[in-house]
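What follows is one structure encoded as structure tokens, with my remarks underneath.
The values are calculated or read from the model by the stated rules, or taken from the named source; none is laboratory data. Predicted model only: the values in this text are computed from it and were never measured. For neighbour counting, all protein chains shown are included, and Cβ atoms are generated from backbone atoms with ideal geometry for every residue, glycine included.
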Protein chains: 2
Amino acid sequence: MSDTKRTSRPAVTADLNAEPLASHGAADPALQLWVVLARAYTAVARHAEADVARHGLTGSEFGILEALYHKGPMLLGEIQRKVLVSSGGITFLVDRLATRGLVERRACAEDRRARYAALTPDGEALIERIFPEHRARLHAVLAGLSADEQRDAARLLRQLGRAAAELPPGGSTE
Amino acid sequence: MSDTKRTSRPAVTADLNAEPLASHGAADPALQLWVVLARAYTAVARHAEADVARHGLTGSEFGILEALYHKGPMLLGEIQRKVLVSSGGITFLVDRLATRGLVERRACAEDRRARYAALTPDGEALIERIFPEHRARLHAVLAGLSADEQRDAARLLRQLGRAAAELPPGGSTE
DNA sequence: CAGTAAAACCTCAGTACTTAGAATCTCAAC
DNA sequence: GTTGAGATTCTAAGTACTGAGGTTTTACTG
């Protein structure tokens, strides 16, 4: 009603260079990296999610449509590993996209446990329409870094992500 | 497993171990950066959340305890900007920590709308006990990068996060 | 001082998932 | 052929929040 701003607008603009506080290792490069990684991810994700939400999609749903668009029909398990949700989550998400007529399930001839998901014509038309806008939006959001810096950052994050993903869960105290 | 994949259309959400493919914007540095940022964040966050879950805490709850531990009593709004949750979320989270006796609310003399949250002795004892373990775990998770690389990555992510956070939501089409 | 806008926190219904486990199927070894 | 381990998807219950709106208090304007 009123044009007042909502209280929940979580201005991510909190000072990224917070003062290192006494002792407790605030100057620790690893901890600092984790903090800025989380903040950068959150800031970018908010823009990305807001963009796809205009079309009634969540980030995960968009990720599925995009994967199917660029790779063709995929097994549910393949999609799951790609968009990083749980096995229950992928069933839930594909169900929702299917009831909206954007994707359909198909049997897998070689393995009757498995099922493919594939874009319907409606789904393909949708992703074809919104993907270029989304890419443009991401370009704007990531424009804080030059193309060279983006490549440097991507290289470091690839290395970091691979190492973290390969590390077994549970830690040393087992 | 099934190597029956001949649909190799260009991948934008590339696997970490997949080679970047040609055409259709797959070599786009910005899109690649967004993909690896999301994957790196998710991989690290899984370890971090699993670690604090051993003590019955979510990542957000741990973030609140840690912030209060390092900064002393803070207004709820300050904490909110620090752990990046909604205004409803901060009320919910502080409530839960309070019912567990880990934090308490205190009146703010200068502004009667506002409230402080502060660690109780129990809360301080808990964070004092688990923070060093958590830091060690993060060191292991982030060890895919050298200390120098961690500093480089942190610098780039700080720059990226700041720019993304300052960009108004909604995009150019308003 | 009155009136209005805005900030700080709270309430509560809704949601986008996760987790644990069941059902079904495949494959390899016996 | 049978058995058993592992892979793949589905189901149902649970959860950690979000989003929109409400109340109280402060700040600003005339």
Being in a helix (DSSP H, G or I), closer than 30 Å to A:A40 by Cβ and at the interface with another protein chain (Cβ under 7 Å from one of its Cβ atoms) is the requirement here; does A:A164 meet it?
yes
Identify the residue in the stretch A:109-119 that is more than 10 Å from DNA strand D (Cβ to nearest atom) and surrounded by fewer than 16 Cβ atoms within 10 Å (Cβ to Cβ) and, among all such residues, is nearest to the other protein chains (Cβ to nearest Cβ).
A:E110
Which one of these does B:E104 not meet: (1) closer than 20 Å to A:Y41 by Cβ; (2) away from DNA strand D (no atom under 13 Å from the Cβ)?
(1)
Number of the condition not met by A:A125 [criteria: (1) more than 15 Å from DNA strand C (Cβ to nearest atom); (2) among the small types (G, A, S); (3) surrounded by 14 or more Cβ atoms within 10 Å (Cβ to Cβ); (4) part of a helix (DSSP H, G or I)]:
(3)
Please list, ordered by residue number, the helices (runs of 4 or more DSSP H) wholly in the stretch A:21-106 having 2 or more residues that are surrounded by fewer than 21 Cβ atoms within 10 Å (Cβ to Cβ) and either away from DNA strand C (no atom under 16 Å from the Cβ) or among the aromatic types (F, W, Y) (or both).
A:29-53, A:59-71
Conditions (1) more than 20 Å from A:W34 (Cα to Cα); (2) facing chain A (nearest Cβ under 7 Å); (3) in contact with a helix residue (DSSP H, G or I) (Cβ under 8 Å, 6 or more places away or on another chain); number of the one not met by B:L145
(1)
Can you confirm whether A:K71 is touching a helix residue (DSSP H, G or I) at 6+ places or on another chain (Cβ under 6 Å) and either away from DNA strand D (no atom under 12 Å from the Cβ) or of a type in the set (D, E, K, R) (or both)?
no
Given the conditions (1) modelled with pLDDT of 95 or more; (2) within 30 Å of B:R135 (Cα to Cα); (3) assigned to a loop (DSSP other than H, G, I, E, B), report the number of the one that A:Q150 does not fulfil.
(3)
